[in-house]
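Reading through the structure tokens given below for one structure.
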Amino acid sequence: MSNWKILNIDVDVDSLTRIRHLPFFISSFALMAERLFKDEATEEKGERARMASFIGAMAIADLVKTTLGPKGMDKILQSTGRGHVVTVTNDGATILKSLHIDNPAAKVLVDISKVQDDEVGDGTTSVVVLAGELLREAEKLVNAKIHPMTIISGYRMAAECARDALLEKVVDNKLDAEKFKADLMKIAMTTLSSKILSQDKEHFATLAVDAVMRLKGSTNLESIQIIKKPGGELKDSFLDEGFILDKKIGVGQPKRIENAKILVANTAMDTDKVKIYGARVRVDSMAKVAEIEVAEKEKMREKVQKIINHGINCFVNRQLIYNFPEELFADAGVLAIEHADFDGIERLGLVTGGEIASTFDNPESVKLGHCKLIEEIMIGEDRLIHFSGVEMGQACTIVLRGASPHMLDEAERSLHDALCVLSQTVNDSRVLLGGGWPEMVMAKAVDELARKTPGKRSHAIEAFSRALIAIPTTIADNAGLDSAELVSQLRAEHHKEGSTAGIDVISGSVGDMAERGISEAFKVKQAVLLSATEAAEMILRVDEIITCAPRRREDHM
């Protein structure tokens, strides 16, 4: 039933017949407004829409909150698809990517986590936790009848102030090569300390720094290849100069080639059957079948000869190479490698300076790859092909060893995060201390701004400061420490000028981050701060959620 308002209308007797139909028109109009959307479409407005957004975003933040920091816990993700693939990880972006979420506000947080992972590699959990805390504080302010636009305005001022506070404290050692390398080592160890590699973080930090220093300022990580080989221990992992292809050398092929000229191709090297759908060849005797086979062989022999005419001594193909062409290559002293996966040949073409070819009629138009030595090597039980002295000098391969495929997958994700952060730091060499120190520096500056700002915006700025402190609080909670005690001690320490105090989860107390060598890249912290603020602002602006009706499959029966 609709709530009707009493209409005070002065009417004469003649108008009564017209007024009798008024409720019918008004109720029809109300029904039309309700039927604006299709039957199964839903609409939430005002408070309800805002509450749904807040709850969804905070639930996502709470989900990954326990993975934050050096003592963060892992999650097991099990797929429902074929094979029930299991992933064990504490990487925020990997966890959130695997979730299928209906709440639209929660999807915003998943997206900022993905962008953080693509852009800087680390801070994927921090950005979601900070955005969740900003919305938790905003919910309290909205309940206290402060308008969302006022909160957004306060948050913007606070984010700008926090960024300026960090800029005042950054250290840049790019001009001093030794100090800069030490900074990179500290950043790598800090990034790896919250991952599965934390036990051997010095070893892996050295691998990551050496690999990134070879890039000479490039952020293209494609020339760093990571190969995973089960067996051995994590600390048996090593960095190899050059390129390793996870393939075996065929029977009768040369096992070692010096000054290699490499043709990288994607072409069919199986027997050239008539490849037209539905085609048939009818013959009236076995002799004709033999003639067809001879013709096929001749065709393949011609193709192999065209390839050999390029003056190569190594042929790498994306597709299969059948026994007959393999024999022809072996007779000509050419090393033929078949079924190299597409990523493998793309990267091989890149590092050897060659291009992927599919036609061989014009040898002068094909760009060959070059390397000084190709040889077969053993890693554990497996044989692999090693290309050394490649044309792209910065190319290298990190071989990961470990007890199980799950551990190797997580080690690869951890190492990839470290490589991303380091490659970004080589370009933007500004460095900060870690362990909750940047958040306390920002919170102190934002608190001072709140005291100076008149009006309701000061409440929003103060709330921003409380949200920042949630990061060190969560780091302490995840380590099983008394977060209230530690954060209050930390706040007192930061009121002293030039404090370098942060949370030391190893000793369980407030420690000196400069002494401990805990450093983070400024670019990561800046990305966390700005992305989280923008995501919170976007969700705060929402006052209506409209869910479309599902598309029905039309029944043509």
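The values are calculated or read from the model by the stated rules, or taken from the named source; none is laboratory data. These numbers come from a predicted model, not from an experiment. Neighbour counts run over all protein chains shown; Cβ positions are idealised from the backbone, glycine included. The area values use the complete protein model at the heavy-atom level, side chains included, leaving out ligands, DNA and RNA. Shrake-Rupley method; radii C 1.70, N 1.55, O 1.52, S 1.80 Å.
Among strands (runs of 3 or more DSSP E) entirely within the stretch 331-447, having at least 3 residues that are under 27 Å from the mean Cα position of the chain (by Cα) singles out 396-402, 430-433. Here is the figure for the stretch 477-502: residues that are under 14 Å from M440 (Cβ atoms), among the polar types (S, T, N, Q) and within 33 Å of the chain's Cα centre (by Cα) total 2. The selection criterion, being under 30 Å from I55 (Cβ atoms) and either within 31 Å of the chain's Cα centre (by Cα) or assigned to a helix (DSSP H, G or I) (or both), holds for A450.
Starting from residues that are open to solvent by 30 Å² or more (accessible area, probe 1.4 Å), among the small types (G, A, S) and modelled with pLDDT under 80, keep the ones in the stretch 228-280 and report whichever is farthest from P363 (Cα to Cα). Ranking the qualifying residues of the stretch 228-280, first place goes to G278. For L197, only one of the following conditions fails: (1) at pLDDT 85 or above; (2) of a type in the set (A, V, I, L, M); (3) in a helix (DSSP H, G or I); (4) in contact with a helix residue (DSSP H, G or I) (Cβ under 9 Å, 6 or more places away or on another chain). What is its number? Every condition holds for L197 apart from (1). The criterion of being more than 25 Å from T206 (Cβ to Cβ), out of contact with any Gly (no Cβ under 8 Å at 6 or more places or on another chain) and touching a residue at least 12 places away in the same chain (Cβ under 8 Å) does not hold for I379.
Just so you know, in the stretch 518-544 the residues that are assigned to a strand (DSSP E or B) and either at pLDDT below 70 or within 20 Å of V120 (Cβ to Cβ) (or both) include one that is most open to solvent (accessible area, probe 1.4 Å), and it is E520.
The residues of the stretch 488-516 that are over 13 Å from L433 (Cβ atoms), of a type in the set (K, R) and either surrounded by 12 or more Cβ atoms within 10 Å (Cβ to Cβ) or touching a Cys at 6+ places or on another chain (Cβ under 7 Å) (or both) amount to a single one, R491. The criterion of at least 2 residues that are under 18 Å from L373 (Cβ atoms) is met by the following strands (runs of 3 or more DSSP E) wholly inside the stretch 218-312: 238-241, 243-245, 256-265.
Can you tell me which residue in the stretch 87-116 is farthest from A131 (Cα to Cα), limited to those that are in a helix (DSSP H, G or I) and open to solvent by 60 Å² or more (accessible area, probe 1.4 Å)? Looking at the filtered set, the residue picked out is K97. Contact annotation: residue pairs with Cβ atoms under 6 Å, 6 or more positions apart or on different chains, pairing a residue in the stretch 357-373 that is more than 10 Å from I307 (Cα to Cα) with a partner that is open to solvent by 70 Å² or more (accessible area, probe 1.4 Å) and assigned to a loop (DSSP other than H, G, I, E, B), are K367/E355; H370/E391.
Just a yes or no: is a residue in the stretch 470-478 free of Cβ contacts under 8 Å to residues at least 24 places away in the same chain, in contact with a helix residue (DSSP H, G or I) (Cβ under 9 Å, 6 or more places away or on another chain), surrounded by 18 or more Cβ atoms within 10 Å (Cβ to Cβ) and within 26 Å of T67 (Cβ to Cβ)? Within the stretch 470-478, one or more residues are free of Cβ contacts under 8 Å to residues at least 24 places away in the same chain, in contact with a helix residue (DSSP H, G or I) (Cβ under 9 Å, 6 or more places away or on another chain), surrounded by 18 or more Cβ atoms within 10 Å (Cβ to Cβ) and within 26 Å of T67 (Cβ to Cβ). Within the stretch 56-73, the set of residues being open to solvent by 40 Å² or more (accessible area, probe 1.4 Å) and in a loop (DSSP other than H, G, I, E, B) comprises T66, P70, K71, M73. Test L335 against the criterion of being open to solvent by less than 30 Å² (accessible area, probe 1.4 Å) and among the aliphatic types (A, V, I, L, M), and give yes or no. The answer is yes for L335.
Consider the stretch 368-406 and keep the residues that are out of contact with any helix residue (DSSP H, G or I) (no Cβ under 9 Å at 6 or more places or on another chain) and charged (D, E, K, R). The one that is nearest to A211 (Cα to Cα) is K372.
One residue alone among S404, S358, S365, S388 is surrounded by 14 or more Cβ atoms within 10 Å (Cβ to Cβ), polar (S, T, N, Q) and out of contact with any Phe, Trp or Tyr (no Cβ under 6 Å at 6 or more places or on another chain), and that residue is S388.
In the condition set (1) at pLDDT 85 or above; (2) surrounded by 15 or more Cβ atoms within 10 Å (Cβ to Cβ), I76 is compliant with all but (2).
Any residue in the stretch 166-174 that is of a type outside the set (D, E, K, R), touching a strand residue (DSSP E or B) at 6+ places or on another chain (Cβ under 9 Å), at pLDDT below 85 and open to solvent by less than 20 Å² (accessible area, probe 1.4 Å)? No, because not a single residue in the stretch 166-174 is of a type outside the set (D, E, K, R), touching a strand residue (DSSP E or B) at 6+ places or on another chain (Cβ under 9 Å), at pLDDT below 85 and open to solvent by less than 20 Å² (accessible area, probe 1.4 Å). Test G393 against the stated conditions and say whether it is surrounded by fewer than 24 Cβ atoms within 10 Å (Cβ to Cβ) and either at positive phi or modelled with pLDDT under 90 (or both). Answer is yes for this residue.
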